[in-house]
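Only one structure is covered here, and it is reproduced in the block below.
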Amino acid sequence: MRPGSRPHGQRKHTFIEEARRAQIVSAAIDTIAEVGFANASLSRIAQRAGVSKGVISYHFSGKDELMDQVVEQVYSAIAEFVLPRIAEAPDECAALRAHVLAVADYMRGHREQLMALAGIFNGTRTSEGTSSRHRLMVAEPVYQEIEKRLRAGQERGVLRDFDVRVMAVTLQASIDGMFAYWVTHPDHDLEAHAAELAEIIERSARADPPA
């Protein structure tokens, strides 16, 4: 360990340290969105943040830990935006529609964040092409949260009988695909795409009305 450095995660960060970490994370997001994950070196991120590379090394053990923090921060921000809208839905079927539409709303206002997230996921794939640990880090909690709502809807008779893991994976993959297409086709009507996707998901999950 370098002189003057400290072990990461061994004590609570001070307010000033948290502010500096947030500044670095924000710079990392902007840098990855602009130049891609592979070209987003710590030196380049430091330049964007207006600090030395040593400052980043003081707050983060390396690029991996910094990317962990970027992923965690972006997903936390998405959850803070999306979950209240889902909670307002009258039932679990309507919640599926609310989920898709809310994520699309978030996408429109936070394109750089999500481009950075995609850059991290794609840039850290293994040589065998399997998902990066950053994606795996967040995927399972997302699936489990969706599954919980799906089971509740099935128990109440709002949703038909289906494999909740398959539906959770399908929903998340469809949302990821919507964003990926929008990024490569900036003129694509994201609002219309989200509305159509929400209709497809809702219809596929809704329980048949009693005969």
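Net charge in the neighbourhood of ALA198 (other residues with Cβ under 11 Å of its Cβ; Lys, Arg +1, Asp, Glu -1) is -2. If you take the beta carbon distance between ARG111 and SER76 as r and set R0 to 22 Å, what does 1/(1 + (r/R0)^6) give as a FRET efficiency, to the nearest 0.05? Here the calculated transfer efficiency is 0.80.
If you plug the beta carbon distance of ASP163 and HIS188 into 1/(1 + (r/R0)^6) with R0 = 22 Å, you get a FRET efficiency near 0.10. For the listed peptides 159-169, 181-191, a ranking on the average number of other beta carbons within 10 Å per residue, highest first, reads 159-169, 181-191.
For the chain, the 222 nm mean residue ellipticity estimated from helices alone, with every DSSP H stretch of n ≥ 4 adding -39500 (n - 2.57) and the total spread over all residues, rounds to -24000 deg cm²/dmol. Please work out whether segment 34-101 counts as rounded, prolate or oblate from its C-alpha gyration tensor, where a ≥ b ≥ c are the square roots of the eigenvalues and a/c under 1.5 means rounded, while otherwise a/b larger than b/c means prolate and anything else oblate? Prolate, because a/c is 1.5 or more and a/b exceeds b/c.
Taking only the alpha-carbon positions of the chain and ignoring solvent, what does the Debye formula give for the base-10 log of I(q)/I(0) at q = 0.15 Å⁻¹? Here log10 of I(q) over I(0) equals -1.00.
Applying both filters, DSSP loop and at most 15 other Cβ atoms within 10 Å, to the GluC sites (Glu not before Pro) of segment 18-90 gives GLU88.
FYI, it's all coordinate maths here, none of it is from the lab. In this text the structure is predicted, and so the values were computed from the model without any measurement. Positions of Cβ are generated from backbone atoms using ideal geometry, with glycine treated the same way; all protein chains shown enter the neighbour counts.
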